[in-house]
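Since every read-out is calculated from the coordinates, none of them should be taken as a lab result. None of the values given here were measured: they were computed from a predicted structure. As a convention, Cβ positions derive from the backbone with ideal geometry for all residues, glycine included, and neighbour counts pool all protein chains shown.
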Amino acid sequence: MGYYIDCENPRGKVDYLWTHYGAEPVESAIFGWGDDASLEAAFDVLDSEGKVIICVVYNALFEAAGVMYSARELGAFFNDESGRPKTWLTMDKARAYKLSGYKS
């Protein structure tokens, strides 16, 4: 199912997460080649820094801010071939887990 951060409005989640929760953009180079090993390494580096990746997916009527709570979840979002635009952010892991209801 996944874990998502709800915001006040169905759109504008990137700006909301930046403004209210200190989210920052992700440099695309962190994903390396996009293979499982590269994604796991990216997840581990950020995890060790107390951060987590958030993927904001643009759907027709709303945006979804998914929490990448594992390297496997990151791979599922990263390798999604739906064609929907995505914005990748990082934010404090504890805050993201609390906002999304994820229990590690």
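With the dipole of the chain worked out from charges on the C-beta (+1 for Lys and Arg, -1 for Asp and Glu) around the Cα centre, which of 42, 14, 25 lies farthest toward the positive end?
14
In whole percent, what relative contact order does the stretch 41-97 give with Cα contacts below 8 Å and a gap of six or more residues? Walk me through the numbers before you get to the answer.
Values: 75 pairs, mean separation 24.9, N = 57.
Relative contact order for the stretch 41-97 comes out at 44 percent.
With each run of n ≥ 4 DSSP H residues scored as -39500 (n - 2.57), what mean residue ellipticity at 222 nm is computed for the chain after dividing by its residue count and rounding to the nearest 500 deg cm²/dmol?
Theoretical 222 nm ellipticity from helices: -10500 deg cm²/dmol.
Run the numbers for residue 33 and residue 103: contour at 0.36 nm per residue of separation, minus the present Cα-Cα distance, in nm. Each step should come with its number before you reach the end.
On the way: separation 70, 0.36 × 70 = 25.20 nm, distance 2.96 nm.
Length difference between fully extended and current span is 22.2 nm.
May I ask you to derive the relative contact order of the chain, considering only C-alpha pairs under 8 Å and at least 6 residues apart, and to give it as an integer percent?
On the way: 152 pairs, mean separation 39.5, N = 104.
Computed value for the chain: 38 percent relative contact order.
May I ask you to compute the full-extension gain from residue 11 to residue 44, defined as 0.36 nm times their residue separation minus their alpha-carbon distance, rounded to one decimal in nm? Kindly include the intermediate steps, with their values, before the conclusion.
Working: separation 33, 0.36 × 33 = 11.88 nm, distance 2.96 nm.
Difference between extended and current length: 8.9 nm.
Let me know the charge dipole size of the stretch 4-100 about its Cα centre in debye, to the nearest 20, where only the beta-carbon of Lys, Arg (+1) and Asp, Glu (-1) is charged. Present the calculation step by step, with values, prior to reporting the outcome.
Working: 9 positive and 16 negative charges, 67 e Å.
Taking the Cα centre of the stretch 4-100 as origin, the dipole is about 320 debye.
Select one label from (1) 17.5; (2) 15.6; (3) 13.6: the one whose number is Kirkwood radius over Cα pairs in Å as derived from the coordinates shown.
Matching the structure shown: (3).
Please give the Cα centre distance for the stretch 63-77 versus the stretch 2-29, rounded to the nearest Å.
13
How much length, in nm to one decimal, is gained on full extension between residue 20 and residue 86, taken as 0.36 nm per residue of separation minus their Cα-Cα distance? Mind showing how you got there, number by number?
Details: separation 66, 0.36 × 66 = 23.76 nm, distance 1.97 nm.
Answer, rounded to one decimal: 21.8 nm.
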